[in-house]
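Worksheet: one structure, shown below.
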Amino acid sequence: MQSKSSPKLRIAICGGGIGGLTLANALISPSVHIDVYEAASQFGEIGAGVGLSLQTLHVYEMMGPSAILQIAGMLW
Ligand SMILES: Cc1cc2nc3c(=O)[nH]c(=O)nc-3n(C[C@H](O)[C@H](O)[C@H](O)COP(=O)(O)OP(=O)(O)OC[C@H]3O[C@@H](n4cnc5c(N)ncnc54)[C@H](O)[C@@H]3O)c2cc1C
């Protein structure tokens with residue numbers, strides 16, 4: 001028997017950097033299926049810290065306070 005619920009929207013995100021993972025988090029919904037594809041076999045560290053611009057902080061604020069706490073270790 002066929003389900004009456006509409007099928008989930010499937011979204012593919014290429015790149016598991018902070019941009020791709022933030023987008024995946026922002027799109028989480030019961031009606032959406034998200035696949036994140038990452039080309040690198042492992043993550044490495046570059047740089048000295050994570051700098052978040054004011055516009056970036058607005059995006060994380062819209063996602064909820066816990067998103068800021070998870071992503072930003074230090075605000076200045
Ligand atoms: C040397 C260096 C030092 C830096 N230092 C700092 C710092 O100290 N502080 C700071 O805030 N920022 C720093 N940055 C900038 C920061 O790294 C970027 O702003 C940030 O990583 C951008 O995030 P992103 O998700 O847009 O892209 P990325 O982090 O580049 O992520 C993109 C991902 O997509 C993957 N990908 C690419 N093509 C494909 C494909 N076809 N299929 C699947 N996956 C794919 C890549 O492997 C990568 O993991 C530095 C950058 C560099 C190069």
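Bear in mind that the values in this text are calculations on the coordinates, not laboratory data. None of these values were measured; they are calculated from a predicted model. Because the Cβ atoms are built from the backbone with ideal geometry, glycine has one as well, and the counts that use them run over all protein chains shown.
Take every Cα pair under 8 Å in the stretch 1-63 that's 6+ residues apart, average their separations, divide by the length, and report that relative contact order as a whole percent. This gives 32 percent for the stretch 1-63.
Database remark: amide H of residue 13 closer than 5 angstrom to the amide H of 35, 36, 37 (H placed geometrically; neighbours at sequence offset of 5 or more, or on other chains; Pro and chain starts carry no H). The protection proxy used here, the mean number of other Cβ atoms lying within 10 Å of each residue, ranks peptides 49-62, 16-29 as follows, highest first: 16-29, 49-62. Along the stretch 13-29 the Karplus relation, 6.51 cos²θ - 1.76 cosθ + 1.60 evaluated at θ = phi - 60°, assigns HN-Hα couplings of 10, 9, x, x, x, 4, x, x, 6, 5, 4, 4, 5, 5, 8, 4, 6 Hz to successive residues, with x for each Gly and Pro.
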